[in-house]
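A short write-up of the structure that comes next.
We did not get these values from a lab; they are worked out from the coordinates using the rules stated. Bear in mind that the values here come from a model prediction, so they are computed numbers and not experimental data. Cβ placement follows ideal geometry from the backbone for every residue including glycine, while neighbour counts extend to all protein chains displayed.
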Amino acid sequence: MGMLLRRHYANVKTNNVKADGVTEKVAPKPVEEKKAEKSEPTITAEKINSMNGASLRKLAKENGVKDPEELTVKELRAILLDEVVK
């Protein structure tokens, strides 16, 4: 009797039992593969406003701003907000 209860419990646990008590076989669900999409990280206005001067200069160099070392942090933020954030 105990063996039947364990078997019934195992079927209920895997959701293979219908309402009338008949066990049905269920195929395993296929695992979905995540596609590696190359998308550039989104730079938001909040991120730019929270960056320090060195990070802003690095981002400015990456985005083609000429001579970011000569600009102040406030000027860099204004330029990057205009150019990078869309």
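A few remarks follow.
- Candidate set: the stretch 64-86, residues that are without any contact (Cβ under 8 Å) to a residue 40 or more places away in the chain and β-branched (Val, Ile, Thr); chosen: the one nearest to ASN52 (Cα to Cα): VAL73
Here's the yes/no breakdown for (1) among the basic types (Lys, Arg); (2) touching a helix residue (DSSP H, G or I) at 6+ places or on another chain (Cβ under 6 Å):
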| position | (1), (2) |
| --- | --- |
| LYS47 | yes, no |
| SER55 | no, no |
| LYS66 | yes, no |
| LEU71 | no, no |
| LEU76 | no, yes |
| ASP82 | no, no |
